[in-house]
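Enquirer: Take this structure first; my questions come after.
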Amino acid sequence: MNLIAENSGILQWLVGERPDRTGTPALQWANLPESWGVFVLIAIVGLLCYGVFWLYKREINTCPMPVKMLMAGIRLFVLLLLVLLFLKPSLYFQKVDEVRPPIELLRDSSLSLARGDLYRNDEQVKLLAGLTGLDADSIDAGSISRTELLNRAFEKHPEILEQMRLKGPVHVVDFADGSTPYELIPSITQEDLDQAAAGKGSDEQDSAVEDSPVKEDPATESVDVKLPELIASGAATDIWQALKNVLDATTTPSSIVLISEGQHNGNGDPLEMAEKAASLDIPIYTIGVGDPNPPKNVAVKEVYVRNKAYPDEPFEVEAVVQTSRRNETNLPARLKVALLEQRRDSTGKLSQPIEVKSESVNVPENGGRIRLNFQHATNRPGKYVYTVRSETLPDETDTDDNELVSSQLEVVDEKVKVLLISGLPNWDYQQVYKLLQRDQTIDLSCWLQSMDESRPQEGNTPITRLPQTIEELGQYNVILLLDPDPSEFDDRWVGLLKDFCEYKAGGVMFMAGPQFSSEFLTKPSLKPFRDIVPVRFGDLEEIEVNEALASATDDRAGKMLLVPFNMDHPVMSFRSEPEENLKIWNLMPGIYWSFPASRAKPTARVLMERGDQVSAEGNQPLMVSGRFGAGSVLYLGFQGTWRWRPIGLQAQYFDRFWIQVVRFLVETRSLQGSRRGFIDREKTEYELGQRVTLVARLLDEQFKPSKEPTFDAVIKSDDGREQTIKLKLLPNQEGRYEGSFPATRIGAYEATVKIGDSAEKLIDPVSFRVVSPSAETGSYWLNEKLLRDISDRSGGQYFRLDSIRKLPDVLPNTVERFTFNSPPEPLWDASPKLRWLIFLLPVVLLTIEWAARKWYKLL
């Protein structure tokens, strides 16, 4: 049982002052019985009282009655004192501490906070200028970022943080796709503020006196604490996770202050956390940063151009332009988009951009993506880049994304050297060699294996024998094999062909046929050829293949199935519009014969399948593209492309198909035949913060896989900055190198590798670009509705940034009281005074009673 003394001053006097004792002294009875024991104690005390008075009542009458009552009272007091000692009175000190729970200050540090806003409300611009002290015109023009506005608001008005600290310590947490907590800013009292103000005043007076040293006041130091600067660099805005981390923490805050633009792009629902905060009696106060009006913006999102073309050869520059909603942002109904060309000189510098094409496009009412295709051609060899630029609109929110630069296009005037090998002069061979022989960009050599030895071979550059060394084979860029006769080949020649493709980036096409393909693919010495082609045939013996071929031959055309998601492949693309491209392919006649390949290899792309030849592994692949080492490969499991000639005008689609086949196969091959490798990247576009991985296949001077441990890759940005990273040799993979680096700056980049002692760039560069995270670029205007809903559901309040000075007034002034009791100690051990008082008092009283009894001759 605990009894706090009403007059603790008496107890304090009795126990004395000790430094280890703080708080209010109080008593408790350590041996006080509980439950029915209390009634037993009362009964004992009652019996003691009755017994004492009953005994004194029976005493002789030699003693006056008042004296008897006095002695009875003394004896009763002593007995009661002994009962109290039995109950073990103990002293303890009670201390009550008042604690203010922290205020959680959550600041959005995502990249969208690094933007500026073109405010459409002039009054809001004036309020922000008054709050921050920044130039109103700069704020209105969007040249001042949201983070700068926020940082300046707290810097210019330190009383905001001071008033918050009066209501509790402030815990600052910056959040984006993760959280960055800072140290707790301690709370202060009004007395601290007054002392700091007085200290500043005295410091100013002291500083006015010459040679007077200024001392730092501890009170001033505790008050003058600034918020850490907000830096916007996060890749996403996950409000749900930020609130969840606070609500799940062991320390319960008095309130939460959330500063954000409200564009939540995480997985959870922030309103769920707001309702949880309400159930815990934790209000959330939201501060909206930015302009709530949807942006008026036109952005060029994608630009694509192939990497090689030939003089006067038409090519396409494809672009995607994205617009905001026309009905909400007053966009014009039509928009001008221009194509600009720049040529790179021998030093790598770009010329001034020249507008070569332009289009006027319709802007969708609800906004969205607009696809454009610019047809262009140039007759001057060199390296070019193309910029797609949309017109700048009045009051446009963001003009930085109005243009985008393509990767590099190289216009080459060297002819592609093609070696065409065919077992028989079938219809495909006759039409293909005539087409390639008359093409001005191709230098064709033919090897018709059935040709009489006395007759010369066809082609622009006739040959008298097949190449027999890697040097001879390396003079060609592309090798086309049309149902070749295996009798003229051996394992050594197949090995040369593998080296040509794997190490020299040569292109190889294999067209199967009913005459020789069965033997060619099953002949033991030629089986390594299967490594090159991008399909698998299974473990077929020659007789099994022949049977399969016989069953595949039919007088009726088989069904040709196109793979929709691969229709953009360079070999398949007749038109840039997918629907138009598909219509043209659907006009092509069916397949009468096909070689029974079982399936495509894992990394290959299936372009065409046969619908009426289905096995346990799916449709039979007819056309498959892939890579073997550094080179491109193409498999055609059918013959009869000559039947496509009637489609279109003057066999235009047959001609274009075969020209595109050659272009695809030569795309990764240096036309001079001296390429010592290539460098590539995983994708063409990376978001800020992602790692850019570069892979390279490099050869030594003998065109063998390099064994050097490292090579330097040089990365150059569009603003002229350069950095070098190490490409390291992969374990157990000679000639294969890999390196990576983080994408830290937005822009367009080129990467290349310099090999050898000279500074000559022997590896063609690869282009990529770094963009803002997609989660932060899609929606970045102020989402007031979400922030209001969060504050309303949690019991808080919403403020705009220009009203942030009102925030401290509405924050709850929560105080939690905690009682701490010291360990109890027996009352007689509390001080010497009490010890002597407790133990001498019964002796003294009993002595008085004994003396009185003797005086009155009582027993």
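Enquirer: Looking at region 730-747, which of its residues are of a type in the set (A, V, I, L, M) and either crowded, with 19+ Cβ neighbours inside 10 Å or modelled with pLDDT of 85 or more (or both)? Let's see the steps before the verdict.
Expert: Taking region 730-747 as the starting set, the residues that turn out to be of a type in the set (A, V, I, L, M) are 730, 743, 746.
Of everything in region 730-747, those that are of a type in the set (A, V, I, L, M) and either crowded, with 19+ Cβ neighbours inside 10 Å or modelled with pLDDT of 85 or more (or both) turn out to be Leu730, Ala743.
Enquirer: Quick one: how many residues across region 141-165 are crowded, with 21+ Cβ neighbours inside 10 Å and basic (Lys, Arg)?
Expert: Qualifying residue count for the region: 2.
Enquirer: Looking at Ala505, is it touching a residue at least 60 places away in the same chain (Cβ under 8 Å), over 26 Å from Pro705 (Cβ atoms) and surrounded by 14 or more Cβ atoms within 10 Å (Cβ to Cβ)? Let's see the steps before the verdict.
Expert: Values: touching a residue at least 60 places away in the same chain (Cβ under 8 Å): yes; over 26 Å from Pro705 (Cβ atoms): no; surrounded by 14 or more Cβ atoms within 10 Å (Cβ to Cβ): yes.
So Ala505 does not fit the description; no.
Enquirer: Any idea which of Ser187, Ser138 is part of a loop (DSSP other than H, G, I, E, B) and over 27 Å from Asp238 (Cα atoms)?
Expert: Ser187
Enquirer: List pairs: first residue in region 513-538 and part of a strand (DSSP E or B), second residue among the hydroxyl-bearing types (Ser, Thr, Tyr) anywhere in the structure, Cβ distance under 6 angstrom, at least six positions apart or on different chains.
Expert: Pairs found: Val535/Tyr635; Arg536/Ser598.
Enquirer: Can you find a residue that is more than 27 Å from Glu318 (Cβ to Cβ) and assigned to a loop (DSSP other than H, G, I, E, B) anywhere in region 363-378? Before the answer, list the steps.
Expert: Going through region 363-378, the residues more than 27 Å from Glu318 (Cβ to Cβ) turn out to be none.
No, the conditions are met nowhere in region 363-378.
Enquirer: Report whether or not Leu466 is in a strand (DSSP E or B), under 25 Å from Arg492 (Cβ atoms) and outside the structural domain of Asn379 (by TED's automatic domain parsing). Explain how you work it out, then say what you get.
Expert: Values: in a strand (DSSP E or B): no; under 25 Å from Arg492 (Cβ atoms): yes; outside the structural domain of Asn379 (by TED's automatic domain parsing): yes.
Criteria not met by Leu466.
Enquirer: So the check is Cβ under 9 Å with 6+ separation or different chains; which pairs have a first residue in region 685-711 that's free of Cβ contacts under 8 Å to residues at least 24 places away in the same chain and a second one that's assigned to a strand (DSSP E or B) and not small (Gly, Ala, Ser)?
Expert: Going by the 9 Å Cβ cut-off, the qualifying pairs are Glu708/Leu698; Glu708/Leu729; Glu708/Tyr737; Pro709/Lys728; Pro709/Leu729.
Yes or no, residue by residue, for (1) charged (D, E, K, R); (2) under 30 Å from Arg817 (Cα atoms); (3) in contact with a Cys (Cβ under 9 Å, 6 or more places away or on another chain):
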{"residue": "Gly73", "(1), (2), (3)": "no, no, no"}
{"residue": "Leu79", "(1), (2), (3)": "no, no, yes"}
{"residue": "Pro89", "(1), (2), (3)": "no, yes, no"}
{"residue": "Asp97", "(1), (2), (3)": "yes, yes, no"}
{"residue": "Ser109", "(1), (2), (3)": "no, no, no"}
{"residue": "Leu118", "(1), (2), (3)": "no, no, no"}
{"residue": "Asn121", "(1), (2), (3)": "no, no, no"}
{"residue": "Val125", "(1), (2), (3)": "no, no, no"}
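Enquirer: Could you check region 387-407 and list, in sequence order, the residues that are part of a loop (DSSP other than H, G, I, E, B) and not acidic (Asp, Glu)?
Expert: Going through region 387-407, the residues part of a loop (DSSP other than H, G, I, E, B) turn out to be 391-402, 406-407.
Across region 387-407, the qualifying residues are Thr392, Leu393, Pro394, Thr397, Thr399, Asn402, Ser406, Ser407.
Enquirer: Report yes if Asn293 is surrounded by fewer than 16 Cβ atoms within 10 Å (Cβ to Cβ) and assigned to a loop (DSSP other than H, G, I, E, B), otherwise no. Spell out the reasoning first.
Expert: Values: surrounded by fewer than 16 Cβ atoms within 10 Å (Cβ to Cβ): no; assigned to a loop (DSSP other than H, G, I, E, B): yes.
No: the conditions fail for Asn293.
Enquirer: Scan region 532-548 and give yes if some residue there is under 15 Å from Pro484 (Cβ atoms) and at pLDDT 85 or above, otherwise no. Steps first, answer last, please.
Expert: Residues of region 532-548 under 15 Å from Pro484 (Cβ atoms): 532-533.
Checking which are at pLDDT 85 or above leaves us with 532-533.
Scanning region 532-548, I find at least one residue that is under 15 Å from Pro484 (Cβ atoms) and at pLDDT 85 or above, so the answer is yes.
Enquirer: Take the conditions touching a His at 6+ places or on another chain (Cβ under 9 Å), surrounded by fewer than 19 Cβ atoms within 10 Å (Cβ to Cβ) and part of a strand (DSSP E or B) and apply them to Val356. Does it pass?
Expert: Values: touching a His at 6+ places or on another chain (Cβ under 9 Å): yes; surrounded by fewer than 19 Cβ atoms within 10 Å (Cβ to Cβ): yes; part of a strand (DSSP E or B): yes.
Considered against the rule, which asks whether it is touching a His at 6+ places or on another chain (Cβ under 9 Å), surrounded by fewer than 19 Cβ atoms within 10 Å (Cβ to Cβ) and part of a strand (DSSP E or B), Val356 comes out as yes.
Enquirer: Let me ask something else. Which numbered condition in (1) touching a Pro at 6+ places or on another chain (Cβ under 6 Å); (2) over 26 Å from Met623 (Cβ atoms); (3) of a type in the set (Gly, Ala, Ser) is the only one that Ser454 fails?
Expert: Status for Ser454: all satisfied but (1).
Enquirer: Continuing with this model, one more query. Any residue in region 317-324 that is over 27 Å from the mean Cα position of the chain (by Cα) and either farther than 24 Å from Pro270 by Cβ or modelled with pLDDT under 85 (or both)?
Expert: The initial filter retains those residues of region 317-324 that are over 27 Å from the mean Cα position of the chain (by Cα), namely 317-318.
With either farther than 24 Å from Pro270 by Cβ or modelled with pLDDT under 85 (or both) added as a condition, the list becomes 317-318.
Yes, some residue in region 317-324 is over 27 Å from the mean Cα position of the chain (by Cα) and either farther than 24 Å from Pro270 by Cβ or modelled with pLDDT under 85 (or both).
Enquirer: For region 242-273, what are the residues that are within 30 Å of Val770 (Cβ to Cβ) and in contact with a Gly (Cβ under 6 Å, 6 or more places away or on another chain)?
Expert: Listed by number, the list holds a single entry, Glu261.
Enquirer: Also: Is one or more of the residues making up region 804-822 free of Cβ contacts under 8 Å to residues at least 60 places away in the same chain and within 30 Å of Thr252 (Cα to Cα)?
Expert: Start the filter on region 804-822 by keeping residues that are free of Cβ contacts under 8 Å to residues at least 60 places away in the same chain, which leaves 806.
Then keep just the ones that are within 30 Å of Thr252 (Cα to Cα); that gives 806.
Checking region 804-822: at least one residue is free of Cβ contacts under 8 Å to residues at least 60 places away in the same chain and within 30 Å of Thr252 (Cα to Cα).
Enquirer: Output the qualifying pairs, or none if there are none: Cβ atoms under 9 angstrom, residues six or more apart or on different chains, first residue in region 719-730 and over 17 Å from Gly747 (Cα atoms), second residue part of a loop (DSSP other than H, G, I, E, B) and among the charged types (D, E, K, R).
Expert: Leu729/Lys707; Leu729/Glu708
Enquirer: Same structure, new question: Does Glu396 fit the bill of being surrounded by 19 or more Cβ atoms within 10 Å (Cβ to Cβ), modelled with pLDDT under 85 and either of a type in the set (A, V, I, L, M, F, W, C) or not assigned by TED's automatic domain parsing to the domain that holds Asp764 (or both)? Outline the logic, then answer.
Expert: Working: surrounded by 19 or more Cβ atoms within 10 Å (Cβ to Cβ): yes; modelled with pLDDT under 85: yes; either of a type in the set (A, V, I, L, M, F, W, C) or not assigned by TED's automatic domain parsing to the domain that holds Asp764 (or both): yes.
Answer is yes for this residue.
Enquirer: On to the next question. Check off (1) buried (at least 19 other Cβ atoms within 10 Å of the Cβ); (2) touching a Leu at 6+ places or on another chain (Cβ under 6 Å); (3) β-branched (Val, Ile, Thr) for Ile282 and give me the number that stays unchecked.
Expert: (2) is the only condition that Ile282 fails.
Enquirer: Quick check: is even one residue across region 816-823 surrounded by 12 or more Cβ atoms within 10 Å (Cβ to Cβ) and over 47 Å from the mean Cα position of the chain (by Cα)?
Expert: Yes - at least one qualifying residue is present in region 816-823.
Enquirer: Also: What's the total number of residues in region 249-279 that are crowded, with 21+ Cβ neighbours inside 10 Å, part of a loop (DSSP other than H, G, I, E, B) and of a type outside the set (S, T, N, Q)?
Expert: 4
Enquirer: Could I ask something else about it? Given the conditions (1) farther than 30 Å from Thr252 by Cα; (2) at pLDDT below 90; (3) within 29 Å of the chain's Cα centre (by Cα), which single one is not true for Asp177?
Expert: Asp177 satisfies all of (1) farther than 30 Å from Thr252 by Cα; (2) at pLDDT below 90; (3) within 29 Å of the chain's Cα centre (by Cα) except (1).
Enquirer: Could you please give the count of residues in region 199-237 that are surrounded by fewer than 18 Cβ atoms within 10 Å (Cβ to Cβ), out of contact with any strand residue (DSSP E or B) (no Cβ under 6 Å at 6 or more places or on another chain) and at pLDDT 75 or above?
Expert: Here the count works out to 6.
Enquirer: When both residues are 6+ apart or on different chains and their Cβ atoms are under 6 Å apart, which pairs have a first residue that lies in region 144-162 and is polar (S, T, N, Q), and a second that is not in a helix (DSSP H, G or I)?
Expert: Short answer, once both residue conditions are applied: Ser145/Gly116; Thr147/Leu230; Thr147/Ala232; Asn151/Glu229; Asn151/Leu230.
The values are calculated or read from the model by the stated rules, or taken from the named source; none is laboratory data. Please read all numbers here as calculations on a predicted model, not as lab measurements. Using ideal geometry, Cβ is built from the backbone for each residue, glycine included, and neighbour counts are taken over all protein chains shown.
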